[in-house]
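Read-outs: derived from the displayed coordinates by stated rules, not from any lab. Predicted model only: the values in this text are computed from it and were never measured. Cβ coordinates were reconstructed from backbone atoms using ideal geometry, including for glycine residues, and neighbour counts include every protein chain displayed.
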Amino acid sequence: MNRRTFMLGSAGMSALLIGGAALLRPGDRGSPYSEYFRMLNKELKAYGPMRPVMLIDLDRLDQNIDVVLQSVRRGGKHLRLVEKSLPSPGLLAYIAKRADTRRLMSFHQPFLNHDAQTFPSADILLGKPLPVRSAELFYQRHKGAFDPSKQLQWLLDTPQRLQQYLSLAQGLGTRLRVNIELDVGLHRGGVSDKEQLNQMLTLISANGQHLEFSGFMGYDPFVGMGVPGILGSHQALFEKVMAIYTGHVNYARENFASLWNDGLTLNTAGSPSYRIHEQEHLSSEVSVGTALLKPTHYDLPSLSEHVPAVYIATPVIKSTGPVNFPALDGKSSLFSWWDPNQRATFFIYGGNWMAEPESPKGLQSNELYGRSSNQEMINGSPAVALNVEDQVFLRPTQTEFVLLQFGDLLAVRGGKIVETWPVYDQG
Ligand SMILES: Cc1ncc(COP(=O)(O)O)c(C=O)c1O
């Protein structure tokens, strides 16, 4: 190789490297608020508490309620609201009114006592089997017109637990309504064979004074989650679920005819799977909670008609320019030189929530700097056009725990704050 070809060769290589690097370099992902978030920012700066808050958009919530109602009507079913996923009595009351349902699914003794007092005409099904001591506490603390012997169904999973609840009923001199948890494929416990079911139904029929059979619950979220194809198509999974559910129903109907009646609660589904149950007429109701607010983990094909209706809003406390790391100091400019999305830095009020930045577009937390629950660093490009005291909006990844972290929920409609709703007290 002569000197000239060597020079040309290395020039070509450098050009290739520079070209390659340019391809790898992150593009500017930033853009300012959409009109929707611009209005919310204006409202919150004028009337908000200027601390992290959880917003519920009632226009969007209404849309989600209506989508669920249409499906439930098509399937000829009732709707049960999942209280832990909508953990505010005011929020639940709002949804229950629009959806015209009194059915709640509860998962936590303190919330259950609260529901029984706040919603005296509710029909409540437990969503998990509670330790019998927890059930006993419910009865000790219960006050008001709600009648547990008619309006409450305990969810029980094994003959052993049923025996414990029988002792509780005998001690209290009352009758407990028992709904049996079925394992329809989730493998999170519940009755999975006829022998167990037989033992439970036998115990119930032999103790009619203290136990009443009230139905079945089979929860199947996996039907609407994950990538179809890897675990089987959603349709194939659904058919398996229904084959198991139907098998248990037929067994009970044939072998315990005296326990069977048309008023039983045959509960199924959850947010990811409720739509597919339009196809079957065995179950009497579906449970839905999270889909009404649609946090990010519920961006699922089965919920494509649902819209996000819940956001965290929190003020920017400081705006400090290009990213600047402790110890690296001046050398930090390498990061902002390389990545336009690190040319603006904001410290927000609070942080480190189970949530993803939503607006302005292109914001991201900084793992290298570290997460903070006090004042979290968020970076973006200058195109996000954020100023101190503007709000950063985030979408929670789930609802049940995150909604309890911000004090009262702020309900907004048409970009204006219209109501505040306290959340449940955890205990
Ligand atoms: C028994 C049961 N049913 C239904 C649901 C559905 O809740 P969501 O609609 O909030 O996903 C759950 C959630 O954990 C559950 O455990």
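Computed values, structure above
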| read-out | value |
| --- | --- |
| Neighbourhood net charge (14 Å Cβ-Cβ; Lys/Arg +1, Asp/Glu -1) for Arg161 | -1 |
| Principal-axis tilt of helix 234-255 within the chain, Cα atoms, nearest 10 degrees | 10 degrees |
| Relative contact order of segment 113-260, defined on C-alpha pairs under 8 angstrom at six or more residues apart (%) | 20 percent |
| Listed residues Ala257, Ala313, Ala411, most fluctuating in the chain (Gaussian network, C-alpha, under 10 Å) | Ala257 |
| Across Lys84/Lys143; Lys42/Lys416; Lys45/Lys318; Lys45/Lys294; Lys45/Lys416, pairs whose alpha-carbon gap is larger than 18 Å | Lys84/Lys143; Lys45/Lys294 |
| Cβ crowding within 10 Å averaged over residues, with 168-175, 297-304 ranked highest first | 297-304, 168-175 |
| Alpha carbon convex hull of segment 58-292, volume per residue in cubic angstrom | 116 Å³ |
| Karplus (6.51, -1.76, 1.60) ³J(HN,Hα), θ = phi - 60°, over segment 329-334, in Hz, Gly and Pro reported as x | 6, x, 5, 4, 4, 4 |
| Under 11 Å, Cβ to Cβ, from Glu400 - net charge with Lys/Arg +1 and Asp/Glu -1 | 0 |
| Sites Lys42 and His142 - FRET efficiency at Förster radius 45 Å, r taken between beta-carbons, to 0.05 | 0.50 |
| Using alpha-carbon coordinates, inclination of helix 132-141 to the longest axis of the chain, degrees | 80 degrees |
| Centre separation in Å (Cα based) which lies between segment 156-178 and segment 388-427 | 38 Å |
| Two-site FRET efficiency, Lys97 against Leu368, from Cβ-Cβ distance with R₀ of 51 Å, rounded to 0.05 | 0.60 |
| Whole-Hz couplings from phi, Karplus 6.51/-1.76/1.60, listed for segment 360-371; x for Gly and Pro | x, 5, x, 7, 8, 6, 10, 5, 5, 6, x, 7 |
| Calculated [θ] (222 nm, deg cm²/dmol) that DSSP helices of n ≥ 4 give over the chain, each run adding -39,500 (n - 2.57) | -10500 deg cm²/dmol |
| Cβ-defined net charge surrounding Ser319, 11 Å radius [Lys, Arg +1; Asp, Glu -1] | -1 |
| Convex hull volume per residue for the chain, taking Cα atoms only, in Å³ | 195 Å³ |
| FRET efficiency, Arg175 to Arg74 (Cβ-Cβ, R0 41 Å, nearest 0.05) | 0.70 |
| Net lengthening on full extension, Ile244/Thr397 (0.36 nm per residue, minus Cα-Cα) | 52.0 nm |
| Nonlocal amide H pairs with Gly215, under 5 Å, H built at 1.01 Å | Ile180, Thr265 |
| Distance in nm between pseudo-label sites at Val388 and Ser167 (7 Å out along the Cβ direction from Cα) | 6.4 nm |
| Amide H within-cut-off set for Ala344, under 5 Å, with H built and near neighbours excluded | Val323, Gly380 |
| Long-range amide H partners of Glu356 with built H, under 5 Å | Arg395, Thr397 |
| Dipole of segment 58-292 [Lys/Arg +1, Asp/Glu -1 at C-beta], most positive-end residue of Ser192, Ala116, Val82 | Ala116 |
| Charge dipole (debye, nearest 20) of the chain; +1 at Cβ of Lys and Arg, -1 at Cβ of Asp and Glu | 760 debye |
| Residue order, fewest to most surrounding Cβ atoms within 10 angstrom, among Thr202, Thr158 | Thr202, Thr158 |
| The chain, relative contact order [Cα under 8 Å, separation at least 6], % | 23 percent |
| Top positive-direction residue, dipole computed over segment 270-324 with Cβ charges, set Pro315, Ala291, His277 | Pro315 |
| Degrees between helix 159-172 axis and first principal axis of the chain (Cα, 0 to 90, nearest 10) | 60 degrees |
